[in-house]
Amino acid sequence: MNRVHIKTYGCQMNERDSEAVAAMLRARGYRIVASEDDCDILLLNTCSVRDAAEQKAIGKAAHESSRRRRDPDFVLGILGCMAQNRGAGLLDRLPDVDLIVGTQKFHRVPDYLDNLRAAREAGVPVAEAIVETGVEEGSQNTIRDHMEGPGRQVCAFVSIQQGCDMNCTFCIVPRTRGDERSRPAGDIVLECEELAARGVREVTLLGQIVTSYGRRDQRQGDGASPFVRLLERVHAIPGIERIRFTSPHPRGFRRDLADAYSRLPKLGEHVHLPVQSGSDAVLRAMNRPYSRERYLEIVRMLKGARPAMAFSTDIIVGFPGETDEDFERTRTLCEEVDYDMAYVFKYSVRTGTPAASMPDQVPDEVRESRNQALLEVLRAGSLRRSRALVGTVQEVLVEGPDKTGLRLTGRTRANRAVVFDGPGRLAGELVPVEIAGASVSTLYGALAPAGAGLQTPACPVSL
Ligand code: SAM
């Protein structure tokens, strides 16, 4: 009765938390299984950023509750952001759930499961669900274990920070993830070194606002910020070929970080730079401390450091008070930046956030039509940028077989997915690939001869 399946909702940080919980459980003798139908313990690691994400997880938990009622040995747990946000209140709708564990207590999951199973085996009735959503000092340091999978893992996520102090008026994260806390740089570097020794070639440093890394608890000087100093240390690790990070905040892009792109070649030509809106009025109402012009200045600064720099972003449409003119500013900003990709979200009311009680909430049909209009602009831009790469040779980090298992997949320095033919032994290698075809999000190509000239297209937009 020790087969565990973890189903993850939401962002990469949730994926990383699930992976750490899985590694801790495996170290305790649990088996992590791929099929939720063949497990004894089902853990739902949840997201609260939008209402739709919460409703999806609640629907799933309600469905699994009937299995819990049929099978007294089955264990059903809810972990992560929704557990933190709703706590014991979840039991009103989901009385059969055994375990509710918040974002600062992931490391306690193995103990809770051990205790639950021991009590059941001893025939001790467990009347009440375990609900644990407290604050825990140092919990940011507990997300460090990685699963050793069967194949070679080429890319890994490394958590550098938990929580957020930004207080964007739309966002539930400060409530679900708590105050901003950074891990010591030495621990992060050690984790990256261990990953490199196991064959990992690319690390993505994860946090809610990675550019604020160490701001509260590390020495600040006139020189580079703690985040840039961390990038330098990870960059020096032999075996790590590429470094990515998500999410930064525009506020954190100062000269030192732009300079890092000129000095540190393992930083690829891609930045995920959440803008949220192209309208200054909406940015102010969101409590985002930058203007449209400052954002464009950052884009120009980064293109100055790397002319081939590609950008992706997060955008919210239909924030309270957003007018047609505000939306138009977002649309034109997308055209000006010429994003490779963007996550577009319809504003979702989050109870307890300042925006939830703002006047002029935007009707759903307006949010939907703005969402569709923006997706169309972004899709056309992505396709045009993809097609511009046809005929170039790109440096690709090979991740392994693609989803058909017949070809290889990897990513360019600018984070574009590439599919091509080649032997499986290339996993973990940097290879030149000549691009022959392109869809909105994927490039297709063929291995180019070693030493083939790597070309990057000229930046198509001058800002
Ligand atoms: N920490 C990053 C930042 O502030 O730039 C982003 C992290 S957040 C978990 C991911 C994205 O979800 C946000 O960038 C935002 O676009 C979106 N989001 C957050 N709250 C939202 C809400 N109430 N409605 C719609 N989208 C939301």
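The values are calculated or read from the model by the stated rules, or taken from the named source; none is laboratory data. Just so you know, these numbers come straight off a predicted model, no measurement behind them. Positions of Cβ are generated from backbone atoms using ideal geometry, with glycine treated the same way; all protein chains shown enter the neighbour counts.
Listed here are the residues, each with its yes/no results for (1) more than 16 Å from the ligand (Cβ to nearest atom); (2) part of a helix (DSSP H, G or I); (3) not polar (S, T, N, Q).
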residue	(1), (2), (3)
F311	no, no, yes
Q361	no, no, no
E365	yes, yes, yes
R379	yes, yes, yes
>> Report every pair of residues separated by at least 6 positions or lying on different chains whose Cβ atoms are under 6 Å apart, first residue within segment 344-373 and over 16 Å from C171 (Cβ atoms), second charged (D, E, K, R) and more than 10 Å from the ligand (Cβ to nearest atom).
In response: V362/E322
> Taking only pairs six or more apart or across chains, which ones have beta-carbon atoms under 6 Å, a first residue in segment 155-181 that is in contact (Cβ under 8 Å) with a residue 60 or more places away in the chain, and a second residue that is within 11 Å of the ligand (Cβ to nearest atom) and part of a strand (DSSP E or B)?
Replying inline: F157/L206; S159/L206
>> Yes or no: segment 215-227 includes at least one residue that is at pLDDT 95 or above, aliphatic (A, V, I, L, M) and either more than 24 Å from V135 (Cβ to Cβ) or part of a helix (DSSP H, G or I) (or both).
In response: no
>> Can you find a residue that is within 14 Å of the ligand (Cβ to nearest atom), touching a residue at least 60 places away in the same chain (Cβ under 8 Å) and touching a Phe, Trp or Tyr at 6+ places or on another chain (Cβ under 6 Å) anywhere in segment 329-338?
In response: no
>> I'd like to check something: does segment 234-241 contain any residue that is touching a strand residue (DSSP E or B) at 6+ places or on another chain (Cβ under 9 Å), buried (at least 21 other Cβ atoms within 10 Å of the Cβ), in contact (Cβ under 8 Å) with a residue 12 or more places away in the chain and outside any loop (DSSP other than H, G, I, E, B)?
In response: yes
> What number goes with the only condition from (1) away from the ligand (no atom under 11 Å from the Cβ); (2) in contact with an Asp or Glu (Cβ under 7 Å, 6 or more places away or on another chain); (3) in a loop (DSSP other than H, G, I, E, B) that S348 does not pass?
Replying inline: (1)
> Any chance segment 141-156 includes a residue that's farther than 20 Å from R350 by Cα, assigned to a helix (DSSP H, G or I) and away from the ligand (no atom under 16 Å from the Cβ)?
Replying inline: yes
> Under the condition of being under 17 Å from C155 (Cα atoms) and among the charged types (D, E, K, R), which residue from segment 211-245 is nearest to the ligand (Cβ to nearest atom)?
Replying inline: R244
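Could you tell me whether P248 is assigned to a loop (DSSP other than H, G, I, E, B), within 16 Å of the ligand (Cβ to nearest atom) and on the phi < 0 side of the Ramachandran plot? Spell out the reasoning first.
Working: assigned to a loop (DSSP other than H, G, I, E, B): yes; within 16 Å of the ligand (Cβ to nearest atom): yes; on the phi < 0 side of the Ramachandran plot: yes.
Against the criterion (assigned to a loop (DSSP other than H, G, I, E, B), within 16 Å of the ligand (Cβ to nearest atom) and on the phi < 0 side of the Ramachandran plot), P248 qualifies.
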